[in-house]
Amino acid sequence: MISVVIPLYNKERQIAATLRSVLGQTFRDFEIVIVNDGSTDGSATEAKKLEDPRIRLLEQENAGVSAARNRGAAEAKGEFIAFLDADDAWRPDHLQTLYGLSRKYPQCGVFACRYELVDSNGTHTPAVIRKLPFAGEDGVLTNYFNAAYCSSPPLWTSAVMVRKEALRTVGGFPVGISHGEDLLTWAKLAAGYDIAYCKKSTAYYILRPGYGKKSIPVNIPPGNQVGDALEGMYRQRPSHGLSRYIGFWYKMRANLFLRGGGNRQAFFCIRKSIAYNPGEIKNYVYLALLLFPRKLRISIFKHLQSQ
């Protein structure tokens, strides 16, 4: 059986559609574990309207998405756990595809599919995944960090299934980190387990209005917990792929701060990125952009994204 874990927080307008995408799966041996993480709107009420014996709704005080996912995983009855955020959706063959990967590649601890980004206009954009080490429709992703360095995230939460034991071994999702907690979890799993991957897009990442590289970032995640944890992984098991990936992580952070106006934080991230991946040309472009006024920087980023 596959346990579908859905963390729920203030998604009363989206949760019904998300649940219907699960109930419409061609693979039928699943349960749905919804963890209502202290929602202050009608999310739980909307979830209860879909009556199905496979749905369990758990309640907890607000503790964050990591705590909600960990609670759902702990309560899961299945050997496999498929994660789905409360505002995303699946194609009808999603679980069947993941289950097929688990049968074809039983040595793996993680199973994932490609996904599509859906903007507020309904436009679908397939995630760009480069450097896959196999030629067919599916295979084992043996170079996760090299692929993640130059792609959209190969592992995205709503398109991933893990063995429950594997998730327990890496300590689940880190509590107290509000942004990047999933990225850190996938990095830990990739360092310890083989990943079976399918090139077919079976999940939909529903973007919020105004979200994108052309928009001005808001709520830039504070602190550096994810970066510190990734650097700790590197000190324990150094590798060229992980080093480039850490550089990529800091480069992404620098991009956010450059557009959001955090010059000091941007400079810190650029220095870190150069230390781990000195051959990345964009780092030096970002250094130059620090000299530009913020409005001009944003204009430059918008222009570059439109090319």
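Values as computed for the structure displayed
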| quantity | calculated |
| --- | --- |
| Elements of type helices (runs of 4 or more DSSP H) in the range 73-186, at least 1 residues being in contact (Cβ under 8 Å) with a residue 40 or more places away in the chain and within 13 Å of CYS198 (Cα to Cα) | 94-104 |
| Residues being closer than 21 Å to ALA148 by Cβ and at pLDDT 95 or above - total across the range 252-278 | 9 |
| The range 157-179, residues that are touching a Leu at 6+ places or on another chain (Cβ under 9 Å) and of a type in the set (Gly, Ala, Ser) | SER158, ALA159, ALA166 |
| Among the candidates MET252, MET233, residue that is surrounded by 15 or more Cβ atoms within 10 Å (Cβ to Cβ), within 22 Å of the chain's Cα centre (by Cα), among the aliphatic types (A, V, I, L, M) and closer than 21 Å to PRO174 by Cβ | MET233 |
| Filtered residues of the range 118-137 (kept if in contact with a Leu (Cβ under 6 Å, 6 or more places away or on another chain) and not β-branched (Val, Ile, Thr)) | ASP119 |
| Top-ranked residue of the range 279-307 - restricted to ones that are among the hydroxyl-bearing types (Ser, Thr, Tyr) and surrounded by fewer than 19 Cβ atoms within 10 Å (Cβ to Cβ), ranked as modelled with the lowest pLDDT | SER306 |
| Unmet requirement for GLU79, which otherwise passes all of (1) over 22 Å from VAL140 (Cβ atoms); (2) touching a strand residue (DSSP E or B) at 6+ places or on another chain (Cβ under 7 Å); (3) surrounded by fewer than 14 Cβ atoms within 10 Å (Cβ to Cβ) | (1) |
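The values are calculated or read from the model by the stated rules, or taken from the named source; none is laboratory data. Computed from a predicted structure; not experimentally measured. Glycine gets a Cβ as well: all are built from the backbone with ideal geometry, and neighbour counts include every protein chain shown.
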